[in-house]
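Colleague: Can you keep this structure in mind? I'll have questions shortly.
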Amino acid sequence: MMGSFYTHSPLTIQLILSSPRCNLPPLSSEYTNDVGSKSHLVTANPSIIRQRFQNLLWSRKTFVDNMKIYNHSYIYMPAFSMKTGTEPSLRVYYTLSDVGASQTVLFANPNFLRSIGKFWKSRGIRAKRLSTGLFLVSAALGLCEEVVTYGFWPFSVNMREEPISHHYYDNVLPFSGFHAMPEEFLQLWYLHKIGALRMQLDPCEGTSLPPTS
């Protein structure tokens with residue numbers, strides 16, 4: 001039920017990272033055309049467990065029912081990066097284990113998270129904490145031959161200057177000063193320009209932006 005990236009083969013790791021989802025997003029049919037329905041890895045921020053599911057202190061049924069949409073996905077949590085994240089992460093693990101859920105809980109290696117944080121800080125990202133998305137992209141760049149990102153757009157309007165929501169399913173903004181999303185975007189855009197990854201900024205049925213010199 002609980003595992004680590006380090007216990008899996010490189011091929012399995014690449015499969016896990018092939019369809020990541022951040023922070024327990026909805027995958028209902030109304031969003032399928034835009035974000036698909038496949039998932040192998042789903043991150044769960046401990047703050048979401050506290051806010052949306054009352055830290056699993058009362059009824060756990062709502063949480064278990066919500067998790068069913070992710071089928072056999074791995075649930076990736078930063079259990080040991082901050083003290084406040086340990087209890088919610090362990091509650092998720094034991095809740096899913098107790099009901100025999102099909103998901104497998106993975107706890108992020110705190111040394112990896114710390115190293116990634118120092119790396120991006122040295123490159124100009126000044127924030128209290130990196131976004132989950134940037135952590136996943138960093139892991140993918142070290143493990144996968146090809147990395148394509150979709151949805152990494154931190155602005156309130158798209159490239160056609162049309163208003164858009166912060167997430168595809170809601171417009172809840174992160175706490176001010178907690179993340180530095182525009183700075184993260186600029187770093188990812190640079191990686192796109194040099195061909196280290198490919199950013200998909202238009203609808204998937206359109207032509208993606210090629211790396212530029």
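The values are calculated or read from the model by the stated rules, or taken from the named source; none is laboratory data. Treat the numbers as computed from the prediction; the structure is a model and nothing was measured. A quick note on method: Cβ atoms are made from the backbone with ideal geometry, for glycine too, and the neighbour counts reach across all protein chains shown. Surface accessibility is based on the protein's heavy atoms, side chains included, excluding ligands, DNA and RNA. Shrake-Rupley method; radii C 1.70, N 1.55, O 1.52, S 1.80 Å.
Colleague: Considering only residues that are open to solvent by less than 20 Å² (accessible area, probe 1.4 Å) and among the aliphatic types (A, V, I, L, M), look in segment 101-135 and name the one that is nearest to THR62 (Cα to Cα).
Modeller: Only one residue tops the list, namely VAL105.
Colleague: Looking at segment 73-100, which of its residues are closer than 19 Å to ASN111 by Cα, assigned to a loop (DSSP other than H, G, I, E, B) and open to solvent by less than 40 Å² (accessible area, probe 1.4 Å)?
Modeller: Residues satisfying the conditions are PRO78, ALA79.
Colleague: Would you check if LYS68 is within 15 Å of SER97 (Cα to Cα) and out of contact with any helix residue (DSSP H, G or I) (no Cβ under 6 Å at 6 or more places or on another chain)?
Modeller: Details: within 15 Å of SER97 (Cα to Cα): yes; out of contact with any helix residue (DSSP H, G or I) (no Cβ under 6 Å at 6 or more places or on another chain): yes.
Spelling it out, LYS68 is indeed within 15 Å of SER97 (Cα to Cα) and out of contact with any helix residue (DSSP H, G or I) (no Cβ under 6 Å at 6 or more places or on another chain).
Colleague: Still on this structure, I have one more. Taking PRO210, is it within 21 Å of VAL42 (Cα to Cα), open to solvent by 30 Å² or more (accessible area, probe 1.4 Å) and at pLDDT below 85? If you could, list the steps in order and put the result at the bottom.
Modeller: Details: within 21 Å of VAL42 (Cα to Cα): no; open to solvent by 30 Å² or more (accessible area, probe 1.4 Å): yes; at pLDDT below 85: yes.
It is false that PRO210 is within 21 Å of VAL42 (Cα to Cα), open to solvent by 30 Å² or more (accessible area, probe 1.4 Å) and at pLDDT below 85.
Colleague: While we're here: Please enumerate the residues belonging to segment 45-72 that are open to solvent by 40 Å² or more (accessible area, probe 1.4 Å) and part of a helix (DSSP H, G or I). Outline the logic, then answer.
Modeller: Step one: filter segment 45-72 for residues open to solvent by 40 Å² or more (accessible area, probe 1.4 Å), giving 45, 50-52, 54, 57-62, 65-66, 68-69, 71-72.
Correct list: ARG50, GLN51, ARG52, GLN54, LYS61, THR62, ASP65, ASN66, LYS68, ILE69.
Colleague: Take the conditions crowded, with 16+ Cβ neighbours inside 10 Å and among the polar types (S, T, N, Q) and apply them to SER138. Does it pass?
Modeller: Spelling it out, SER138 is indeed crowded, with 16+ Cβ neighbours inside 10 Å and among the polar types (S, T, N, Q).
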